[in-house]
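Notes follow the structure.
Where a number appears in this text, it was derived from the coordinates with a stated rule and is not lab data. Owing to the predicted nature of the structure, the values given are computational and were not obtained by experimental measurement. Using ideal geometry, Cβ is built from the backbone for each residue, glycine included, and neighbour counts are taken over all protein chains shown.
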């Protein structure tokens with residue numbers, strides 16, 4: 001099923017922002033790094049694994065981004081949407097600061113509006129305008145790191161929203177406004 005028109009507009013907006021970061025307009029030390037940026041991911045729902053170098057210096061690897069978009073798809077509906085590549089830099093920065101390999105367990109990436117509505121009806125705590133629906137949020141755990149440490153480092157980065165869900169054992173990160181909450 002095709003995304004709605006408003007979803008397409010919002011997706012275009014973040015894609016333009018992400019594209020600006022991809023060509024080096026974002027100025028954090030991580031984005032200026034010359035070493036390859038790698039993520040090792042395991043999707044808890046699909047049981048898929050992905051080992052990918054998504055960035056070399058200031059250039060994002062388009063093939064890697066395509067693989068990541070598919071890996072982070074809405075697995076319930078088999079829908080794919082471009083994921084904001086700034087999320088990957090946040091993930092890499094969290095792992096770097098905690099001295100861990102960038103080995104993440106993924107709970108949720110992209111969620112279609114239909115899946116998001118289903119989760120809301122089921123009492124799953126999904127926000128009505130969840131950034132998951134726009135490819136701008138990921139729920140995750142970092143292997144070898146305490147959940148509260150992942151949350152604290154993500155908060156210190158001040159690159160977007162950070163939700164802490166200790167009962168469900170995950171941290172939500174997004175590329176929206178800087179804010180924090182506990183679930």
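Distance from the Cα centre of region 138-177 to that of region 77-105, in angstrom?
11
Taking the beta-carbon count within 10 Å as an exposure proxy, list 168, 108 from fewest neighbours to most.
In order of increasing Cβ crowding within 10 Å: 168, 108.
Can you give me the P(r) profile for region 123-167? Cα pairs, bins 10 angstrom wide beginning at 0, each as a whole percent.
Using 10 Å bins, I get a P(r) of 22, 53, 25, 0 for region 123-167.
Sort 153-160, 114-121, 87-94 for me by packing, meaning the mean count of neighbouring Cβ atoms within 10 Å per residue, highest on top.
Highest-to-lowest ranking by the protection proxy: 87-94, 153-160, 114-121.
Looking at the P(r) of region 88-148, how many percent of alpha-carbon pairs lie beyond 15 Å?
The calculated P(r) of region 88-148 puts 54 percent of pairs beyond 15 Å.
By how many nm would the segment from residue 76 to residue 180 lengthen if fully extended, with 0.36 nm per residue of separation less the alpha-carbon distance?
Length difference between fully extended and current span is 34.7 nm.
Using R₀ = 30 Å, calculate the FRET efficiency as 1/(1 + (r/R₀)^6) where r is the Cβ-Cβ separation of residue 117 and residue 58; round to 0.05.
Here the calculated transfer efficiency is 0.20.
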